[in-house]
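Single-structure report; data block below.
The values are calculated or read from the model by the stated rules, or taken from the named source; none is laboratory data. If you're wondering where the values come from, they're calculated on a predicted model, not measured in any experiment. Virtual Cβ from ideal backbone geometry, glycine too; neighbours counted across all protein chains shown.
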Amino acid sequence: MKIVTIVGARPQIIKAAALSRAIRTNYQGQIQETIVHTGQHYDANMSQVFFDELEIPAPDINLNIGSASHGKQTAQMLKGIEEVLLKVMPDFLVVFGDTNSTLAGALAGAKMHIPIVHIEAGLRSYNKSMPEEINRIMCDHSSTLLFVPTKAGIRNLEKEGFRLNAKAPFTIDNPGIFHSGDIMFDNLVHFGNLAEQRSDIIQKLDLNPNNFILCTIHRDNNTDIQERLTAIFSAMLKIANEHGQQVVIPLHPRTSKLLKDKLAPAVYTAITNSKLVRIIPPVSYIEMILLEKHSTLILSDSGGVQKEAYFFHKPLIIARPETEWVEIVENGAGVIADASEQRIYDAYSHLTKTALSFPPVFGNGRAAIFICKTLLENKQL
């Protein structure tokens, strides 16, 4: 069976690692994978390092698209992916998540009548101003096999008219819905202990384990709007100063470029002079795992980091007005604080004084095995 896997952004490369590992260790000779990197993330720290570190085969094809407006970037990807598909003619086209690479892959494959496999299907923020929400909806409705990480995702698809009891053979008009668990959890299970052996970032940064806050901010509605970015960083400063807590911020390249211009001058000065707020360059996946594992609390606007916080049983503050991972909030392990200085501060106070529970809502760490098995069972003769 031939599959083409589309990746382009850091989270997709991480998810693809689990699928490629499952193929390599359990389905060698049964599944032939061609990896296409769109080049959506072209910074070496945000892309190539992940292939090396996660032991993913080098991409067979790199489209080298790079950064551009949504329309231009998606159009260039669509053209490049279509050319690949004409040469390979796979049995399935696999896409992950909700980026422009996901959308371009789904459109290219569906129009060529190649069955689309959407891993991480069914997620909804119910905020269509987010480009990711448009991408995931369009992709789900173009897919033949939808692998859904959570029960909430299954309910979302049912609301949109998907038939949960559809029977094979599956097609774009009769898609199959599968509750697979979360493929990112596969990686946490695999790399969780290996990370300690492969990185010394905690020692290198001279951090006290379990005595620092980890913060990641990268979404454009936070980085591009001065009031929002200033509120988030002001909250971190306040928590650091009042509670003597170190705050570690691996800075996404996008945020790094905007920080001086988009932060209020007084806050920028305070951040750069603070001994408690540590701004560091982007980190690798293994380093991120260790920072998450040894933090006391995580603040993020990243969907992937939200889940990883939950996997590691860490209290979470969500710097967005909503989340796709509603189970985290429903279980009380996370608080939606948006970009409000007061709400972030209140969320910190609440989460650090409350006994939290983390029931296993993201599967058993074997999602990739389930996905491969299901693909083989549903290959059209």
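Quick notes on this one:
- Positions within the stretch 210-228 being among the polar types (S, T, N, Q) and either over 27 Å from A367 (Cα atoms) or not in a strand (DSSP E or B) (or both), in sequence order: N210, N211, N221, N222, T223, Q226
- Unique residue being of a type outside the set (D, E, K, R), at pLDDT 95 or above, in contact with an Asp or Glu (Cβ under 9 Å, 6 or more places away or on another chain) and surrounded by fewer than 24 Cβ atoms within 10 Å (Cβ to Cβ) when the list is A110, A121, A168: A168
- Residues (surrounded by fewer than 22 Cβ atoms within 10 Å (Cβ to Cβ), in a loop (DSSP other than H, G, I, E, B) and touching a residue at least 60 places away in the same chain (Cβ under 8 Å)) located in the stretch 176-209: G192, S199, L205, L207, P209
- Residue within the stretch 257-274 that is assigned by TED's automatic domain parsing to the domain that holds I232, surrounded by fewer than 22 Cβ atoms within 10 Å (Cβ to Cβ) and among the aromatic types (F, W, Y) present: yes
- Filtered by the rule that a residue be assigned to a helix (DSSP H, G or I), at pLDDT 95 or above and either touching a strand residue (DSSP E or B) at 6+ places or on another chain (Cβ under 9 Å) or within 23 Å of Y310 (Cα to Cα) (or both), the stretch 244-270 gives a lone residue, A270.
- Residue match in the stretch 35-52 (condition: within 23 Å of I286 (Cα to Cα), among the aromatic types (F, W, Y), under 18 Å from the mean Cα position of the chain (by Cα) and in a loop (DSSP other than H, G, I, E, B)): yes
This table checks each residue for (1) polar (S, T, N, Q); (2) more than 15 Å from the chain's Cα centre (by Cα); (3) closer than 15 Å to I217 by Cα.
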| residue | (1), (2), (3) |
| --- | --- |
| V277 | no, yes, yes |
| G304 | no, no, yes |
| W325 | no, no, no |
| A337 | no, yes, yes |
| K353 | no, yes, no |
| T374 | yes, yes, no |
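- From I318, I371, I289, residue being outside the structural domain of S143 (by TED's automatic domain parsing) and either touching a strand residue (DSSP E or B) at 6+ places or on another chain (Cβ under 6 Å) or hydroxyl-bearing (S, T, Y) (or both): I318
- Identity of the residue in the stretch 312-337, of a type in the set (D, E) and touching a helix residue (DSSP H, G or I) at 6+ places or on another chain (Cβ under 8 Å), that ends up surrounded by the fewest Cβ atoms within 10 Å (Cβ to Cβ): E327
- Flag for V88 being crowded, with 23+ Cβ neighbours inside 10 Å, among the β-branched types (V, I, T) and on the phi < 0 side of the Ramachandran plot: no
- The single condition from (1) touching a residue at least 60 places away in the same chain (Cβ under 8 Å); (2) closer than 30 Å to A152 by Cβ; (3) touching a strand residue (DSSP E or B) at 6+ places or on another chain (Cβ under 9 Å) that A121 fails is (1).
- Residue in the stretch 166-179 that is touching a Phe, Trp or Tyr at 6+ places or on another chain (Cβ under 7 Å), of a type outside the set (A, V, I, L, M, F, W, C) and in the same structural domain as M112 (by TED's automatic domain parsing) present: yes
- At least 3 residues being out of contact with any Phe, Trp or Tyr (no Cβ under 9 Å at 6 or more places or on another chain) and of a type in the set (S, T, Y) is the threshold, and among the helices (runs of 4 or more DSSP H) wholly inside the stretch 292-381 those reaching it are 341-352.
- Some residue of the stretch 9-16 being of a type in the set (A, V, I, L, M, F, W, C), closer than 26 Å to Y285 by Cα and part of a loop (DSSP other than H, G, I, E, B): yes
- Take the conditions (1) at pLDDT below 95; (2) within 22 Å of the chain's Cα centre (by Cα); D140 misses just one of them, which is (1).
- If you filter the stretch 17-34 down to residues that are among the polar types (S, T, N, Q) and part of a helix (DSSP H, G or I), you find that the one that is nearest to T374 (Cα to Cα) is N26.
- The set of residues from the stretch 124-151 being out of contact with any strand residue (DSSP E or B) (no Cβ under 9 Å at 6 or more places or on another chain) and either within 20 Å of F92 (Cα to Cα) or buried (at least 18 other Cβ atoms within 10 Å of the Cβ) (or both) comprises R124, S125, M130, E132, E133, N135, I137, M138, H141.
- So A231, is it touching a residue at least 12 places away in the same chain (Cβ under 8 Å), among the small types (G, A, S) and in a helix (DSSP H, G or I): yes
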